[in-house]
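The block underneath contains the structure these notes are about, expressed in structure tokens.
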Amino acid sequence: MSGSTTMLILSFLYLLFSALIPSNSGNATCRSYCGNLTIDYPFALHSGCGHPGFRELLYCINDVLMFHISSGSYRVLDIDYAYQALTLHDPHMSTCDNIVLGAKGNGFSIEQWRSPYMNPTADNVFMLIGCSAQSPLFQGFPGKHLPCRNVSGMSCEEYYGCPAWDLLGGHRKVGSMFGSGPPECCAVPFEAIKAINLTRLQCEGYSSAYSLAPLRLDGANGWSYGIRVKYSVQENDEFCRACEATGGTCGYGTDGIRQLCMCGKLNSTSNCDSVKSSSTRTYSVVDSYTLIGSLVCLLAWITKNHYPSPYVMHLIM
């Protein structure tokens, strides 16, 4: 036989064995990267991977990881798996150096079915800027008390010290409840209003900051600006731990609800140990017949194309 024929036969055998022998490469198919960020459970970029509560949430666009919910798209700056938190950036969010008006910002509003899995952290302050006196912020609360408050040591009084305010002359600092009009800035925790929707709240802009450590003495200029989102997998976390302990990767079914343990080319509703024995039996009975049949066909092809007819007859006899 020629060298090219030998290579063809060896390649055929390699592909055949690779297709038939069970694989346990679930982690390689679901774990991925976007830029310098690792995408791991409960998040995923591929359909069927991760937890169903986080499906169709992250997208990688030109090595930039984006987080998409009903209020808009945000760039993911960091995923902290140890503390189960994401840090998000909205390009139209105000900071200490720049105040963005015109209601351009996304704010933050999440789908109701996702809310059990993620929400801004308790130490994340949202500072709403330029809200109308008719805003639900000032009209829709028991006793009509202003919801504006200090959140984890961060408040509008400190935010007013940012250089960006010097570019906006004539802002009303604190004001009164209904006397000289509402304050130009109102700091609230997410839990107080459940959604940051600038249109509904009739506000011109917003800023968001969070605290990861004791605040420094340089005030709002030293805050960390962005949206810090806490996530959790509340139910059936034992399922995923059992799946990963047996070499599998956590995923979900085509219905987008039912959790699955992905064990290479096989899936399980419990863990990979439950499919190993059945896959071994399937390979030894069904796939062995497939392998034998393929080898017989290969032998027939070789003898037909590379040996004289009497020799072929001798092999067949």
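Structural remarks
- When the range 237-261 is limited to residues that are modelled with pLDDT under 85 and of a type in the set (Val, Ile, Thr), the one that is least open to solvent (accessible area, probe 1.4 Å) turns out to be ILE257.
- Selection status of TYR74, over 16 Å from VAL233 (Cα atoms), assigned to a strand (DSSP E or B), open to solvent by 80 Å² or more (accessible area, probe 1.4 Å) and not charged (D, E, K, R): no
- Boolean, SER132 is surrounded by fewer than 20 Cβ atoms within 10 Å (Cβ to Cβ), free of Cβ contacts under 8 Å to residues at least 12 places away in the same chain and not aromatic (Phe, Trp, Tyr): no
- Note on the range 77-105: among residues that are part of a loop (DSSP other than H, G, I, E, B) and charged (D, E, K, R), the one that is nearest to ASN221 (Cα to Cα) is ASP97.
The values are calculated or read from the model by the stated rules, or taken from the named source; none is laboratory data. For clarity, every value in this text was computed on a predicted model and none was experimentally measured. A quick note on method: Cβ atoms are made from the backbone with ideal geometry, for glycine too, and the neighbour counts reach across all protein chains shown. Ligands, DNA and RNA are stripped out before the accessible areas are found, and what is left, the full protein with its side chains, is counted by its heavy atoms. Shrake-Rupley method; radii C 1.70, N 1.55, O 1.52, S 1.80 Å.
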